1. Being within 20 Å of the chain's Cα centre (by Cα) and either of a type in the set (S, T, N, Q) or in the same structural domain as residue 293 (by TED's automatic domain parsing) (or both): is that true of residue 105 here?
2. So, in the stretch 281-299, how many residues would count as being more than 16 Å from the ligand (Cβ to nearest atom) and out of contact with any Leu (no Cβ under 6 Å at 6 or more places or on another chain)?
3. Restricting the stretch 34-64 to residues that are without any contact (Cβ under 8 Å) to a residue 40 or more places away in the chain and either within 16 Å of the ligand (Cβ to nearest atom) or not assigned by TED's automatic domain parsing to the domain that holds residue 112 (or both), which is nearest to residue 77 (Cα to Cα)?
4. Check off (1) loosely packed, with under 13 Cβ neighbours inside 10 Å; (2) of a type outside the set (A, V, I, L, M, F, W, C); (3) part of a loop (DSSP other than H, G, I, E, B); (4) at pLDDT below 95 for residue 269 and give me the number that stays unchecked.
5. Looking for whichever is polar (S, T, N, Q) and in a strand (DSSP E or B) here; the options are 179, 134, 187. Which one fits?
6. Could you go through the stretch 89-111 and let me know if any residue there is outside any strand (DSSP E or B) and within 16 Å of the ligand (Cβ to nearest atom).
7. What is the one condition in (1) within 16 Å of the ligand (Cβ to nearest atom); (2) in a helix (DSSP H, G or I) that residue 155 does not satisfy?
8. Pairs, please: C-beta under 8 Å, at least 6 apart or cross-chain, first residue free of Cβ contacts under 8 Å to residues at least 12 places away in the same chain and not assigned by TED's automatic domain parsing to the domain that holds residue 190 and in the stretch 114-142, second more than 16 Å from the ligand (Cβ to nearest atom) and in a helix (DSSP H, G or I)?
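The values are calculated or read from the model by the stated rules, or taken from the named source; none is laboratory data. None of these values were measured; they are calculated from a predicted model. A quick note on method: Cβ atoms are made from the backbone with ideal geometry, for glycine too, and the neighbour counts reach across all protein chains shown.
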Amino acid sequence: MQIWSHKHIHTLANFSIQDYESVFELANRFDALKNTGTKKIPALQGTLVTSLFFEASTRTKNSFELAAKRLSADVQTFAPSSSSLTKGETIIDTAITYSAMGADTLVIRHSSSYITFEIAKKLDAINSKTSVLNAGDGLHSHPSQGLLDIYTLIKFFSTKTLSPEVLNSKKILIIGDVNHSRVARSNLWALSAFGADIILCGPKTLIPDEFINFLKVPGPNQKEDPVKSRGSITISRSLEESIKIADAIIVLRLQKERMMENLLSSIDSYSSDYGLTPEKLSLNNREIPILHPGPINRDIEISSKVVDEYPNCLINDQVSNGIPIRMALLYLLQKYNK
Ligand code: CP
């Protein structure tokens, strides 16, 4: 196992290949526990994981909490509506308060991009040992989702042992609302790190042409990209043409809550042009894997028939894989030399 050098996890933009491999190797070991009948291990006994979700979540929140319990950590859950936020306490002061209670890791979701950087900076400034783990901040980043997505693809394509290099030169089609998606941004960093060639497909209003340069701009607080050679990004406006050449598809949710202006003429026309259906999938003569981070808008970006009946629809595998991936992240942060 490589040395782990991150006190906080904000983004995959600063992950090296060794970082990814450490996470996958550990996740694979944790995943294998389910076959031994020993789901729970004492790896993080005596530590405290606090989930600070200021925004709604089903998968990420429960998966992190379950991951922490599987590692025998104590788990503390924050509920914004019954907290002192309602009396005007700030988010930063809320985080400092939980750190002062002894949280080893704060798992944070918030609607503001880059908020986890601000919180970590403040905690570091007061010499707190607490780690911050970004569970989704605004449009910016959702690192654990990016990791579980590519872990799911690597598992699908690996023949025997888990081999991230199976992604090299694979054409991964990402459909939909890339501009409002922190998941897409995390997927772009993660997939390209292993040489995947990514096709972004959707209307200009959801995928502006500038996305072609996404990987050329280092992440915040970062001088250079730790990954020496990345795969490519292309943009397509034709779903049919993209499906024909894809090796895997990631469908994104239409994020109506993040759309500041009217970006689509109608949901029906979006569905007709970019919704994934069995008919469109039949343009590819293989049964390629289909992923979606959830929650899904059935029959808008993806048809129920694809979700319920397509053999390689991996949405539930993504949810299951999220648990060992998040166990690995919590474990690695705890092992960082604080
Ligand atoms: N994929 C994802 O982040 O789902 P939740 O919003 O339910 O956590």
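1. On the way: within 20 Å of the chain's Cα centre (by Cα): yes; either of a type in the set (S, T, N, Q) or in the same structural domain as residue 293 (by TED's automatic domain parsing) (or both): yes.
Yes, satisfied.
2. Here is the first cut: in the stretch 281-299, the ones more than 16 Å from the ligand (Cβ to nearest atom) are 281-289, 299.
Still in the running and out of contact with any Leu (no Cβ under 6 Å at 6 or more places or on another chain): 281-288, 299.
Number of matching residues: 9.
3. 62
4. If we test residue 269 against (1) loosely packed, with under 13 Cβ neighbours inside 10 Å; (2) of a type outside the set (A, V, I, L, M, F, W, C); (3) part of a loop (DSSP other than H, G, I, E, B); (4) at pLDDT below 95, just (3) comes out false.
5. Values: 179 fails: in a strand (DSSP E or B); 187 fails: in a strand (DSSP E or B).
Of the residues listed, the single one that is polar (S, T, N, Q) and in a strand (DSSP E or B) is 134.
6. Within the stretch 89-111, the subset outside any strand (DSSP E or B) is 89-104, 111.
Still in the running and within 16 Å of the ligand (Cβ to nearest atom): 111.
So far as the stretch 89-111 goes, yes, one or more of its residues are outside any strand (DSSP E or B) and within 16 Å of the ligand (Cβ to nearest atom).
7. Single failed check for residue 155: (1).
8. Filtered contacts from the stretch 114-142: no entries.
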